[in-house]
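One structure is given here, and the rest of the page talks about it.
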Amino acid sequence: MTGPPRSDLAGVASLGARLAANVRRAIKADDEVVRDVLVALLAEGHVLIEDHPGWERPPWLGRCRARWPPSTRASSAPPTCSPDVVGTSVFNQRETRFEFRPGPVFANVVLVDEVNRASPKTQSGLLECMQEGQVTVDVHTHELARPFLVIATQNPLDYEGTYPLPEAQLDRFMVRVSLGYPAPDDEAEMLADHGSGDRVLELGAVCDVGEVVAAQTAVAHVHASDALRRYVVAVLDHTRADPRTDLGASPRAGLMLLRAAKAHAALSGRDHALPDDVQALAGSVLSHRLMLAPEIALSGGAAAVVGDAVERVPAL
């Protein structure tokens, strides 16, 4: 496969820079977090934000609602955990037939707040749309909009009233990010701004849906050599052979990691992905997909397993 034209790559890098700059006007987040969200968007993946109470729901997620994402002219649904997230068939008495009423997933961006509090029905409804970009209701298949991005939050500590995400659903999220504590200066600025207005609502769009779709197409055509693909497989194999894992990274994890690496390369203006791109995204893409022994999981061992894999597997 040949790489995308240089003009397309310049467009991806420019789009990424504009989106990142606009997001940073409203929120305080590490460069790696912003990068991971952009990578997921451009690689047609999904994002899981996992943090403790008061951290995992950044201001822009709860308040933007239909205006999100403020940096793009795209549709979005309000934060939802509705059991009928994909939609439902309703009987039309006047016409004596059933009609399909689309659910919240029929938008470019779907926000699922505290996804681990959603019912199993809601969680299962997200599986097909996150993987296939479509939903099936009453044997009828309905295509979803493109681009399509799910951003979900969850609190990893509070288990009361929650439904833990099954491994199959965790595997659908391309990246998992954590905002963590802001820097002291950023937190002080946040306190100073509190009550003086919402920066998110002041943002203007810096791109449209067509630009995002074009960037996604360009990312899909970024070249990945056979050696790079073998390197990705070697990293996956290392996590599977690690004695700390009960279940290593899945084949889907490899697909996600390669797509993320290609998006990372495109954001850097390159028409080919390198081992450096794989290494930069491995922690965000692979850590939440590993099944570890309980004592290892509680000590944050997934990140260590992935880190060891990246460090010990030689780039081919």
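The values are calculated or read from the model by the stated rules, or taken from the named source; none is laboratory data. In this text the structure is predicted, and so the values were computed from the model without any measurement. Heads up, the Cβs are rebuilt from the backbone with ideal geometry, glycines too, and the neighbour counts pull from every protein chain shown.
Assess whether residue 99 counts as being at pLDDT 80 or above and assigned to a strand (DSSP E or B). So residue 99 fits the description; yes. Highlighted here are the helices (runs of 4 or more DSSP H) found entirely within the range 200-316 that include at least 3 residues which are assigned by TED's automatic domain parsing to the domain that holds residue 175 and either touching a residue at least 12 places away in the same chain (Cβ under 8 Å) or over 20 Å from residue 19 (Cα atoms) (or both): 209-220.
Only one entry of 234, 220 meets the criterion of being out of contact with any helix residue (DSSP H, G or I) (no Cβ under 8 Å at 6 or more places or on another chain) and surrounded by fewer than 19 Cβ atoms within 10 Å (Cβ to Cβ), and that entry is 234. From the set of residues in the range 113-128 that are assigned to a loop (DSSP other than H, G, I, E, B) and out of contact with any Leu (no Cβ under 9 Å at 6 or more places or on another chain), which is surrounded by the most Cβ atoms within 10 Å (Cβ to Cβ)? Ranking the qualifying residues of the range 113-128, first place goes to 114. Residue under question is residue 255, and the condition is that it be crowded, with 20+ Cβ neighbours inside 10 Å, within 23 Å of the chain's Cα centre (by Cα) and modelled with pLDDT of 95 or more; does it hold? So residue 255 fails the test. The set of residues in the range 146-172 being among the hydrophobic types (A, V, I, L, M, F, W, C), modelled with pLDDT under 85 and touching a helix residue (DSSP H, G or I) at 6+ places or on another chain (Cβ under 9 Å) consists of 165, 168. In the range 9-20, the qualifying residues are those that are free of Cβ contacts under 8 Å to residues at least 60 places away in the same chain and not polar (S, T, N, Q), and the one that is surrounded by the fewest Cβ atoms within 10 Å (Cβ to Cβ) is 17.
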